[in-house]
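Have a look at the structure below, then the notes.
What follows is calculated from the coordinates using simple rules that are stated; it is not laboratory data. Model, not experiment: these values are computed from the prediction. Neighbour counts run over all protein chains shown; Cβ positions are idealised from the backbone, glycine included.
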Amino acid sequence: MSSADSPTPAPGAGNAAEKLDAMDVPRDAPRDAPSRHAHVIVIGGGLAGLATAIRFRSEGSDDFLVLERGDEVGGTWRDNTYPGAACDVPSHVYSYSFVLNPNWTRSFSGQAEIQDYIVGVARRYGVHDKYVFGCEATSARWIDSAAQWEIETSMGRFTADVVVAAFGALCEPSLPDIHGIDTFEGHIFHSARWNHEVDLTGKKVAVVGTGASAIQIVPAIAGKVAELQVYQRTAPWILPRLDRRYSALERLAHRHVPSYQRLLRLALYWAHEAQAVGLAKKPRLMKPLELLARAKLRLAVRDPGLRRRLTPDYGIGCKRILLSNNYHSVFRHDHVRLVTAGIAEVRANSIVTTGGAVHDADVIVLATGFQVTDSPTYRRIFGRDGRSLGEVFDDVGRQCYKGTTIANFPNMFLLVGPNTGLGHNSMIFMIESQVNYVADAIATMRRRRIRSVEVRTEAQESFGRMLRRRLSGSVWNTGGCASWYLDKHGANTTMWPGFSFEFRRLTRKFDVDAYHLST
Ligand SMILES: Cc1cc2nc3c(=O)[nH]c(=O)nc-3n(C[C@H](O)[C@H](O)[C@H](O)COP(=O)(O)OP(=O)(O)OC[C@H]3O[C@@H](n4cnc5c(N)ncnc54)[C@H](O)[C@@H]3O)c2cc1C
């Protein structure tokens with residue numbers, strides 16, 4: 001019998017600390033593993049790492065490897081298997097431009113369908129053999145004398161002339177530091193490490209957090225649990241999700257009329273792109289969306305008291321705008337409770353909130369997001385002067401040139417780096433822009449026999465000033481909220497403050513003049 005089937009978990013069997021540790025399993029390197037060299041090593045093989053691998057393959061370059069700690073491609077979509085997991089940008093935009101998928105069954109696809117798509121793309125381009133699966137990069141160090149990166153991994157040492165750091169921005173679960181959490185005797189897991197062994201039927205389940213993952217999880221599990229407590233610190237703004245199943249005719253058209261699919265994608269792209277005006281440039285233009293969100297909430301929740309608690313106290317767009325048609329309405333059910341008091345303590349079988357109320361729980365789901373601005377991986381990458389990326393970011397903030405290169409870190413290209421996040425459109429568009437830039441940089445280095453490139457501090461600082469100027473008028477800075485977009489200095493180092501096509505233009509060509517070159 002699995003522990004999931006156990007009516008009452010044996011003491012310690014559901015030990016929280018044990019399970020939280022198991023989320024991040026380090027593998028030991030075989031001591032005698034020989035060191036391997038590749039011209040380019042990509043760390044991380046999610047959508048960004050995969051796009052890079054495909055680009056290299058398509059250009060006829062074979063001297064590269066992708067180190068991936070998981071056992072399959074997919075990244076986000078391999079890891080986030082929680083009930084209700086789905087994209088919140090329409091699938092026809094949330095796909096690579098070079099492999100449209102005529103087979104999407106819905107306008108907003110679920111996790112399994114997206115993961116199938118990603119695996120299918122990797123197969124189609126034959127890049128699985130460039131992946132080293134189960135290989136976790138534990139450190140990367142620039143060796144100036146050799147003009148190379150030395151990468152220690154769970155499978156031994158690798159060296160590379162160039163590193164593409166594609167380890168993901170929403171990849172490392174953020175685990176709350178709650179008093180007593182280690183003493184919880186039920187099951188506890190993060191939304192990105194869903195424990196499918198645990199059957200929630202008839203259980204008292206606590207979902208901590210009300211962000212993008214939580215609002216998908218809550219309606220998906222509400223029907224099977226005995227009691228659902230939703231712990232909310234700040235209410236999210238929620239707009240309707242225009243999700244529907246595609247008809248057989250539409251799917252036929254997607255499959256047999258490629259220009260129709262391209263047009264649909266283009267229309268969706270521009271419809272989403274328009275939101276950048278309100279988010280980044282003129283927050284007052286967000287007002288109609290706020291009115292729509294309020295009207296939607298009013299329709300879903302009749303109780304004025306509950307509605308007040310579900311109404312955000314900041315401008316729409318300041319935190320990520322969420323999409324759902326059934327999140328608010330689950331609170332109509334008697335067994336679903338919104339808890340807005342802070343969590344003071346977790347005990348063996350309960351959660352205690354600040355007023356002293358005790359809420360019994362069998363399972364705790366931590367829908368608490370990711371370590372975005374303080375990724376632990378930053379502490380494992382060491383630049384030219386021996387300092388880690390984490391230390392550099394501690395000093396000067398998450399400064400980065402075009403979201404991709406960082407002074408003191410030669411020949412390293414960071415994908416989905418600082419200020420490349422979008423609140424309004426597909427991240428794949430940004431990823432493909434960065435891959436253009438990296439591919440052109442590497443081609444330029446080869447053509448001009450350049451051994452190393454390192455962004456000039458002046459170029460990085462001037463780019464940072466441009467970002468700050470633009471961000472100062474954005475809803476993220478003026479909307480009156482604290483969000484995961486902000487780093488510990490209070491600076492928004494996550495979002496791209498403009499149209500995604502502006503970023504595409506900036507990254508079209510490798511601008512060699514912004515770099516120190518060594519030959
Ligand atoms: C639940 C969820 C839903 C989302 N929905 C959308 C959406 O609808 N639209 C949108 O635009 N974006 C969405 N995103 C953002 C999404 O993360 C990006 O769109 C995209 O998947 C990022 O790809 P990536 O390759 O940069 O990162 P990831 O997909 O996170 O991939 C990083 C990879 O690096 C590997 N890795 C990390 N560290 C190491 C290491 N040290 N050694 C070896 N391998 C390592 C990881 O195992 C992982 O496979 C969503 C994110 C989440 C979490």
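Rounded to the nearest 0.05, what FRET efficiency do Glu150 and Arg469 have when you use their Cβ-Cβ distance and R0 = 35 Å?
Values: r = 38 Å, r/R0 = 1.09.
It comes out at approximately 0.35.
Where a ≥ b ≥ c are the square roots of the eigenvalues of the C-alpha gyration tensor, would you call the range 191-281 rounded, which needs a/c under 1.5, or, failing that, prolate if a/b is larger than b/c, or oblate? Because a/c hits 1.5 or more and a/b fails to exceed b/c, the range 191-281 counts as oblate. Just grab the label-to-label distance for Phe133 and Asp303, each label 7 Å out from Cα along the Cβ direction, in nm (one decimal). Each label point lies 7 Å from its Cα, and together they span 4.7 nm. Using a cutoff of 8 angstrom between alpha carbon atoms and counting only pairs six or more residues apart, the relative contact order for the chain works out to 19 percent. Does the chain come out rounded, prolate or oblate by the C-alpha gyration tensor, with a ≥ b ≥ c the root eigenvalues, rounded set by a/c under 1.5 and, if not, prolate when a/b is larger than b/c and oblate if not? The shape class here is prolate.
Shape class of the range 435-519 from the alpha-carbon gyration tensor: prolate, with a/c at 1.5 or above and a/b greater than b/c. To the nearest ten degrees, helix 258-273 and the longest principal axis of the Cα atoms of the chain are 70 degrees apart. Each of the trypsin sites (Lys or Arg not before Pro) that DSSP puts in a loop and that has at most 12 other Cβ atoms within 10 Å breaks the chain; the longest unbroken stretch is 32-243. Here the gap between Phe98 and Asp395, fully extended at 0.36 nm per residue and compared with their Cα-Cα distance, gives a gain of 103.0 nm. Compute the FRET efficiency between Ala220 and Arg123 as 1/(1 + (r/R0)^6), taking r as their Cβ-Cβ distance and R0 = 35 Å, and round to the nearest 0.05. Rounded to the nearest 0.05, the efficiency is 0.75. Here the label points at Val512 and His335, each 7 Å from Cα along the C-beta direction, are separated by 6.7 nm in the simple model. Rounded to the nearest 10 degrees, the inclination of helix 111-124 to the longest alpha-carbon principal axis of the chain is 20 degrees. The lysine pair tally for the chain, using Cα distances under 21 Å and a gap of 8 or more places or different chains, is 13. Helix 427-447 and the longest principal axis of the Cα set of the chain meet at an angle near 10°. Over all other residues within a Cβ to Cβ distance under 9 Å of Thr159, the charged ones net out to 0, with Lys and Arg as +1 and Asp and Glu as -1.
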